[in-house]
């Protein structure tokens, strides 16, 4: 990672001239202290970097010194292409520094006018992929998966099923799909002898094998994903339909919008009250949905759900010492 950062410092100073340590740290996603150490390393290696004091100062090359590191290589082009598709590496990884360097090379390869437009665009737009609460799950093996897909290398993985069971698989990664910030690897599983979808967040360990594979000419990632997604939705809906948990609720005012997404079997009005017969799929789902609304409704049936609401309410009262 340090190598990519050192190259990034060289290219930024070569492209933009005078660069402050703070700006270098911000662009390269590191600390100012790391930048100071990196500058020392570059100077010791013979790179003629000078420090210019003052409010408009910073680091620059000695007058007349130029380098030729701005040509985009094939890996740079791939990184830029993936980024344009919204596929960005995790922060503080080798891949993220490679992408930063690719952007710097792109910036350096255009005219001064266009260079300013690129800098302005980068400074004017920011994508925050972190959720408001909690932490986004980071895919720690993103770099290895990406390189294995591009280089057609087999992978040995330990995969954790939704049941908690972990199994070892040797797979041939055909491609990656990103949906709602989650990475899914489409791969041929040698254990099951068929193409399967693996959620990358469930990969607990990974090893890149030296053995390569040949991608089938008949495989198209986009077509496979569309078909797989349709099958998944159909199967999920079918399972939901087969599950049933009838609940009778009494509202003290019309609250039909609160029940959106559930199958309301019937609605009646009785002396200003609204009675709903609704299928809430399962006891667990009913508990999770109804309790937060329990100050606005009464569970009439089934008894187990009604008792759950009463007992949980009693526990809250006991906790707050309310008689």
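Observations
- Among (1) surrounded by 11 or more Cβ atoms within 10 Å (Cβ to Cβ); (2) within 26 Å of residue 231 (Cβ to Cβ); (3) modelled with pLDDT of 85 or more - the single one residue 193 does not satisfy: (1)
- One residue stands out among those in region 149-160 that are more than 19 Å from the chain's Cα centre (by Cα) and closer than 15 Å to residue 213 by Cβ: the one that is modelled with the lowest pLDDT, which is 150.
- Checking each residue in region 11-30 for being on the phi > 0 side of the Ramachandran plot and touching a helix residue (DSSP H, G or I) at 6+ places or on another chain (Cβ under 7 Å) picks out only 29.
- Members of region 28-54 that are touching a residue at least 24 places away in the same chain (Cβ under 8 Å) and within 17 Å of residue 64 (Cβ to Cβ): 47, 49, 52
- For residue 108: the one exception among (1) at pLDDT 70 or above; (2) over 26 Å from the mean Cα position of the chain (by Cα); (3) on the phi < 0 side of the Ramachandran plot: (1)
- Scanning region 229-257 for residues that are surrounded by 13 or more Cβ atoms within 10 Å (Cβ to Cβ) and modelled with pLDDT of 70 or more gives 229, 245, 246, 247, 248, 249, 250, 251.
So that you can scan it fast, the table gives a plain yes or no per residue for (1) under 24 Å from residue 96 (Cα atoms); (2) surrounded by 14 or more Cβ atoms within 10 Å (Cβ to Cβ); (3) out of contact with any strand residue (DSSP E or B) (no Cβ under 8 Å at 6 or more places or on another chain); (4) modelled with pLDDT under 90:
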{"position": "15", "(1), (2), (3), (4)": "yes, yes, yes, yes"}
{"position": "18", "(1), (2), (3), (4)": "yes, yes, no, yes"}
{"position": "30", "(1), (2), (3), (4)": "yes, yes, yes, yes"}
{"position": "33", "(1), (2), (3), (4)": "yes, no, yes, no"}
{"position": "39", "(1), (2), (3), (4)": "yes, yes, no, yes"}
{"position": "49", "(1), (2), (3), (4)": "no, yes, no, yes"}
{"position": "64", "(1), (2), (3), (4)": "no, no, yes, yes"}
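- Residue match in region 208-225 (condition: modelled with pLDDT of 90 or more and in contact with a helix residue (DSSP H, G or I) (Cβ under 8 Å, 6 or more places away or on another chain)): yes
The values are calculated or read from the model by the stated rules, or taken from the named source; none is laboratory data. Since this is a predicted model, take the numbers as computed values, not measurements. Here Cβ is always computed from backbone atoms with ideal geometry, including for glycine, and neighbour counts include all displayed protein chains.
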